[in-house]
Amino acid sequence: MRPHYFALLASLSLSALLSLQACNKQPQETEKSSEPAPAQVQEPQPEAPAQAQDNPIDADAPAADAAQPENKGFAKTSGDWSDIQIEIRNFPESSDEKDKAQIKKDIADLLQKWNNLRNLKGYEKLGMLYGDTAYLRGSALKQKDLTAKFKKSFEKHQDFSQTPGIHVTVDYLFTYEFESVEIWSARFDESFTQDGKTTDTEIFMTFKRKHLDDAQSVWRIEVESDIATDQNMLKKLGLLPEKAPATCESLAYQILIDSPLLRYEINTMYEGASAGIKSGELDGISLDAPPSETLPPENSKHFGYDLTEEHAADPDNPEDAGRSLRLNGYAIDFEEMNIEDENNEIFHAIEPRYLADIKRLCK
């Protein structure tokens, strides 16, 4: 469980924002040791603070240099996405068969409207599909600002068009129980044309589903990003590995940062984290194995990671060595083949595309 995110301002302290993130578990603060512990991920890159106020790519469209999706040659949809195929991999425990059918219909309807309005360049109606505050490729924007951004983008790129893939993978992420709001994610391939260039990418979105009563729900887009943008944000926060996985542990890390859970976290925290690094309030964000007196055996098939906000020391107080604020914990279990989100007490299945690498590296 976690409460609603508010709009992020560059001058706002990240700790004030992210301390709201987990309502069922309080973050754990620890004073930093005078000798920094070795990290498994690279330190934030020097250029991150300088670009804290600028999104790594245009926030209103996928990156022009977007990474190619793994399944090149994906089956593209018809123009109106009427042939959309929704694969929902998990539901809330409370969902019955009627609710499951309604969820599938609602997501298909929302995505079809989103696709058609972008192709029609209907920026006013498009903006209404998003929440009061939404995260567009790492930037937190009010709905009216989103609408203005879409208008400016469509005027600038008059040849813009997009063609999504038929298949959409959907995951239920968690619930803000006290608000009766559910968070869902969707991933799908897409070809888009802009300024005469056509590019394939993978789109990542999350939705908020708010229950009005037993029979009606309202869906709004909360996050919209793409694979290249997400990798760029991870790199600037020092969380993207430099090499392809070569061990079982490095594969576990790759699976985690590719998961809808981490992509949601990074998209909603990126602007605040970048501002904190730029101001000097934060040393950075880490995603590391939690402290342990004993190291796991070499043949371990269970790996844990803490997502932590590293606060800088106070230069005016020599005794202040800074502190670490734990935001969330995750575990990758190759025996159960799942990913655990500790704050929200939910498990997600590891994607089948990793099976070959798991067999190769996690014998």
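The values are calculated or read from the model by the stated rules, or taken from the named source; none is laboratory data. Computed from a predicted model, the values in this text were never measured in an experiment. So basically every Cβ, Gly included, is an ideal-geometry build from the backbone, and we count neighbours across all protein chains shown.
Regarding ASP341, is this residue outside the structural domain of ARG89 (by TED's automatic domain parsing) and more than 16 Å from the chain's Cα centre (by Cα)? No. Restricting ALA252, ALA273, ALA313 to residues that are in contact with a strand residue (DSSP E or B) (Cβ under 9 Å, 6 or more places away or on another chain) and surrounded by fewer than 18 Cβ atoms within 10 Å (Cβ to Cβ) narrows the list to ALA313. For the stretch 348-363, a residue qualifies if it is in a strand (DSSP E or B) and either surrounded by fewer than 14 Cβ atoms within 10 Å (Cβ to Cβ) or small (Gly, Ala, Ser) (or both), and exactly one does: ALA349. Return the total of residues in the stretch 268-327 being on the phi > 0 side of the Ramachandran plot and modelled with pLDDT under 90. Counting residues in the stretch 268-327 that are on the phi > 0 side of the Ramachandran plot and modelled with pLDDT under 90 gives 1. Can you find, within the stretch 86-109, the residue that is modelled with the lowest pLDDT among those that are surrounded by 14 or more Cβ atoms within 10 Å (Cβ to Cβ) and of a type in the set (S, T, N, Q)? The extreme case among them is SER95. Exactly one residue out of LYS197, LYS278, LYS235, LYS208 is in contact with a helix residue (DSSP H, G or I) (Cβ under 7 Å, 6 or more places away or on another chain), of a type in the set (Lys, Arg) and touching a residue at least 60 places away in the same chain (Cβ under 8 Å): that is LYS278. If you go through the stretch 123-170 and keep only what is free of Cβ contacts under 8 Å to residues at least 12 places away in the same chain and under 19 Å from THR229 (Cβ atoms), you end up with ASP145, LYS156. Scan ASP171, ASP132 and give me the residue that is in contact with a helix residue (DSSP H, G or I) (Cβ under 6 Å, 6 or more places away or on another chain) and surrounded by fewer than 19 Cβ atoms within 10 Å (Cβ to Cβ). From the options ASP171, ASP132, the qualifying one is ASP132. Residues in the stretch 328-360 that are on the phi > 0 side of the Ramachandran plot and of a type in the set (A, V, I, L, M, F, W, C): MET337 alone.
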